[in-house]
Amino acid sequence: MNLAESSKLYQELAEHLRGLKAQGLLRERRILESPQGAHVRVDSKDYLAFCSNDYLGLANHPKLIKAASDGALQYGVGSGASHLLTGHIAVHHELEERLARFVGLPRALLFSTGYMANIGVVTALTSRQDAVFADRLNHASLNDAALLSRAKLQRYPHLDLDALKKLLANSRARRKLITTDAVFSMDGDIAPVPELAALCERFDAWLLLDDAHGFGVLGKQGRGTLSHFDIASPRTIYMATLGKAAGVFGAFVAGAPEIVETLIQRSRSYIYTTATPALLAHTLLASLELVRQEDRRRERLAQLIGHLKKNLHLISSWKLLPSVTPIQPLIIGGNDAAVMVSEGLRNRGILAPAIRPPTVPQGSARLRISLSAAHSVEDVQRLLDALHELERKA
Ligand SMILES: *Cc1c(COP(=O)(O)O)cnc(C)c1O
């Protein structure tokens, strides 16, 4: 490659970046100077933060910090190899057994991240002759997984079971896999899992349920969305992440033994990667205990959600979506308006991100407020007062 060609490549990139900046779409990372929590430090200023997925407030819990340090002393830092070589340590195995029992499924398999878990499941179970049916608002990792699998990707409008039924009825695919967020990450609403499971029965399909935002939060003792609906279907493949409510890092897939064994044989994002450090598995055992035992964290969350919904009195077209989960999106509408509300909060010492298209549909730019058991009622009231003030000025 000569210099002229390479500089043209760089010119294109620079132009693209300038374009993003001009449209106000250039994404920049905020640099935290504190641990994750309800209160964080950014640019030497303290903020009240409504933007993490640390729903139970465990990310910085003293018991988990202690477990992580004990884990490092016991297992060292790196796992040194992939699970299929010598990276699968007894504590990983114990965690898998506990997770399976916790969510009420026969077996579980740890993955390094939820992104990799979704890629691993869809690519191991489907290929060219197959079809993946996906809710339009699914997380990006589920869509990427379907593309990588080379199965036919058929997206249906958000929660539109009639549309899904038609697609299933007309499909001649060898295998059919429905993929859905259990709790949608930008809307906070819950997928109709019993109805989806019934469609799976009727059309001989599998359901991959991504419970990144339900695990730890919904269901008895935080056992997740399957427990929330009190449903057990052998057609369900359950995926949950461990870096959100569980406060640590990682993910797992649970389901029938044949599924988990197939993933061990065929999931490239499981096979060709270094095992998660054992110290994290050790920490997750402690986290799972807190998730299971401390109902008061979920009770606090419910109290905060109730306080927000009851006391937000809107006079404009701003609208809180009807979510019962800690994800409480406030629809503003226009992109610039959403950014202005987010900026206005920031000027008042509060962080809540503006989410714009293409992450959400056109015209539905929003503030994604996420609540955590680490917040107090006073914290939520401070947010409410700031929102009321901003709305009057808008
Ligand atoms: C966060 C998230 C993931 C990815 O999980 P990571 O462990 O962060 O890679 C997958 N699906 C959904 C719905 C998520 O919100």
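Each reported figure results from applying straightforward, stated rules to the coordinates on display, with no laboratory input. Because the structure is a prediction, the values reported are computed rather than measured. Counting neighbours? That spans all protein chains shown, and the Cβs are built from the backbone with ideal geometry, glycine included.
Listed values, structure above:
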| item | result |
| --- | --- |
| Using a Förster distance of 25 Å, the FRET efficiency for Gln362-Lys309 (Cβ separation, nearest 0.05) | 0.45 |
| Pair-distance profile P(r), taking every C-alpha pair of region 113-170, with 10 angstrom steps and integer % | 26, 50, 23, 1 |
| For region 318-370, convex hull volume per residue from C-alpha positions, Å³ | 70 |
| Model label zone, Ala337; criterion: amide N under 15 Å from point 7 Å along Cα-to-beta-carbon; scope region 310-328 | 314-321 |
| Surface/4 estimate of mean projected area, convex hull on alpha-carbon atoms of region 22-119, nm² | 10.4 |
| Label zone at Val77, where the point sits 7 Å out along the Cα-to-Cβ direction: region 273-307 residues whose backbone N lies under 20 Å | 274-284 |
| Over 23 Å (Cα to Cα) - which of Lys45/Lys319; Lys21/Lys244; Lys309/Lys393; Lys176/Lys220; Lys166/Lys319 fall in this group | Lys45/Lys319; Lys21/Lys244; Lys176/Lys220; Lys166/Lys319 |
| Against the rule of thumb 2.2 N^0.38 Å, how large the Cα Rg of region 247-318 comes out | 1.77 |
| Built amide H within the under 5 Å cut-off of Ala49, gap 5+ | His39, Val40, Leu351 |
| Kirkwood Rh in Å, taken over the chain so that all alpha-carbon pairs contribute | 22.3 |
| Selected from Leu56, Leu73, Pro257, residue furthest toward positive end of dipole (the chain; charges at beta carbon) | Pro257 |
| Karplus-derived 3J(HN,Hα), 6.51/-1.76/1.60, for each residue of region 113-121, Hz, glycine and proline x | 9, x, 4, 5, 5, 4, 4, x, 5 |
| Derived scalar couplings ³J(HN,Hα) [region 67-73; Karplus, 6.51 cos²θ - 1.76 cosθ + 1.60; whole Hz; x for Gly, Pro] | 4, 5, 5, 4, x, 5, 5 |
| Under 5 Å, built H, 5+ apart or other chain: amide partners of Gln154 | Val132, Phe133, Ala134 |
| Net lengthening on full extension, Ala169/Ser69 (0.36 nm per residue, minus Cα-Cα) | 30.7 nm |
| Karplus-derived 3J(HN,Hα), 6.51/-1.76/1.60, for each residue of region 220-226, Hz, glycine and proline x | 4, 6, x, 6, x, 5, 5 |
| Per-residue [θ]222 nm for the chain (sum of -39500 (n - 2.57) over DSSP H runs n ≥ 4, rounded to 500) | -13500 deg cm²/dmol |
| Pairs of alpha carbons in region 213-368 whose separation is greater than 21 Å (percent) | 61 |
| Sorted by Cβ neighbour density within 10 Å, fewest at the top, the residues Thr225, Thr123 | Thr123, Thr225 |
| Span from the region 236-258 Cα centroid across to the region 8-75 one, whole angstrom | 22 |
| As computed over region 152-273, the Cα convex hull volume per residue (Å³) | 121 |
